[in-house]
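Worksheet for the structure shown next.
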Amino acid sequence: VPAILFSENFEELRDNLRKALNIAPLVQIDVVDGILAPSKTWPYTERESFERILSQNEGMPFWQDLDFEIDLITSKSVRDAREWVMAGAARLIVHLHSPDAREALEYLREFRPSLEVGVALHLDIPLLALHEYQGLYDYVQLMGIAHVGFQGEKLDERIYERIKVTRATHPSLPIQIDGGVTLENALSLKEAGATRLAATSALFKASDPKEAYRVLSSL
């Protein structure tokens with residue numbers, strides 16, 4: 001999954017999404033409020049352009065060609081989940097250390113049961129949390145880096161054991177890894193039990209992003 005980490009405004013988001021065109025049919029967009037992670041991204045940096053999308057006066061850039069997985073690294077998960085449903089998200093990820101994570105997940109299950117919903121677990125969140133939220137999610141995103149919100153951080157080796165344990169306890173659950181994914185470690189992540197990889201540098205800094213995507217997808 002091509003992942004867009006930092007878009008400070010709507011124009012930068014458009015530029016970043018343009019890079020994803022013709023690479024993959026779906027792209028992940030990080031939405032960060034500056035509280036759960038140190039950075040702050042659009043639309044928290046520029047509300048007016050997002051309001052135009054919510055009012056349907058404007059669409060997401062390249063919405064005809066791309067589907068969007070929205071990674072909500074925010075402290076207001078309920079509000080953001082509702083708004084991104086209105087904005088046409090194909091998938092939504094709620095981070096379990098968000099203060100209102102359960103409320104957001106319950107809202108999505110009740111009012112948008114057909115929407116694919118993921119839960120994100122940071123490295124310091126016990127995997128037992130998955131049992132507490134059973135029935136409220138369709139897939140899990142295990143964070144592969146210790147400091148969420150930093151691009152280029154090296155994969156934390158603890159992730160392999162977390163993947164193996166999650167696969168053993170949830171044999172059919174889609175497991176997505178976000179953070180630290182490279183062409184060099186992708187196969188090892190898959191062999192541990194991962195089924196999806198969210199990648200930024202491995203794709204967008206490659207000399208041929210489309211070929212890099214093909215290689216990752218063929219593992």
Regarding Glu69, is this residue surrounded by 14 or more Cβ atoms within 10 Å (Cβ to Cβ), touching a helix residue (DSSP H, G or I) at 6+ places or on another chain (Cβ under 8 Å) and among the acidic types (Asp, Glu)?
-> no
Pull up segment 1-38, narrow it to residues that are more than 15 Å from the chain's Cα centre (by Cα) and over 27 Å from Ser207 (Cα atoms), then point me to the one that is most open to solvent (accessible area, probe 1.4 Å).
-> Ile35
So which of Leu130, Leu108 is part of a helix (DSSP H, G or I), open to solvent by less than 90 Å² (accessible area, probe 1.4 Å) and touching a Leu at 6+ places or on another chain (Cβ under 7 Å)?
-> Leu108
From Val165, Val181, residue being among the hydrophobic types (A, V, I, L, M, F, W, C) and under 20 Å from Ile23 (Cα atoms) | Val181
Look through segment 154-173, keep the residues that are loosely packed, with under 15 Cβ neighbours inside 10 Å and within 26 Å of Leu5 (Cα to Cα), and return whichever of them is modelled with the lowest pLDDT.
-> Lys154
Quick one: Gln141 ticks every box in (1) in a helix (DSSP H, G or I); (2) under 28 Å from Lys40 (Cα atoms) except a single one, so which number is it?
-> (1)
Being touching a Ser or Thr at 6+ places or on another chain (Cβ under 8 Å) and free of Cβ contacts under 8 Å to residues at least 40 places away in the same chain is the filter; apply it to segment 31-43 and report the residue that is farthest from Ser7 (Cα to Cα).
-> Pro43
Boolean, Arg214 is closer than 12 Å to Leu142 by Cα and either under 17 Å from the mean Cα position of the chain (by Cα) or open to solvent by 20 Å² or more (accessible area, probe 1.4 Å) (or both) = no
Is segment 180-192 home to any residue that is farther than 25 Å from Gly34 by Cβ, of a type outside the set (Phe, Trp, Tyr), touching a Phe, Trp or Tyr at 6+ places or on another chain (Cβ under 6 Å) and not in a loop (DSSP other than H, G, I, E, B)?
-> yes
Would it be correct to say that Glu116 is more than 26 Å from Ser77 (Cα to Cα), of a type in the set (Asp, Glu) and at pLDDT 95 or above?
-> no
What is the residue count in segment 186-195 for residues that are surrounded by 17 or more Cβ atoms within 10 Å (Cβ to Cβ) and over 15 Å from Arg162 (Cα atoms)?
-> 1
How many residues of segment 158-167 are of a type in the set (D, E, K, R) and either farther than 16 Å from Leu127 by Cα or touching a strand residue (DSSP E or B) at 6+ places or on another chain (Cβ under 7 Å) (or both)? The answer is 2
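The values are calculated or read from the model by the stated rules, or taken from the named source; none is laboratory data. On a predicted model such as this, the values are computed, not experimentally measured, just so you know. Positions of Cβ are generated from backbone atoms using ideal geometry, with glycine treated the same way; all protein chains shown enter the neighbour counts. Please note that ligands, DNA and RNA were not included when accessible areas were found on the heavy atoms of the full protein model with its side chains. Shrake-Rupley method; radii C 1.70, N 1.55, O 1.52, S 1.80 Å.
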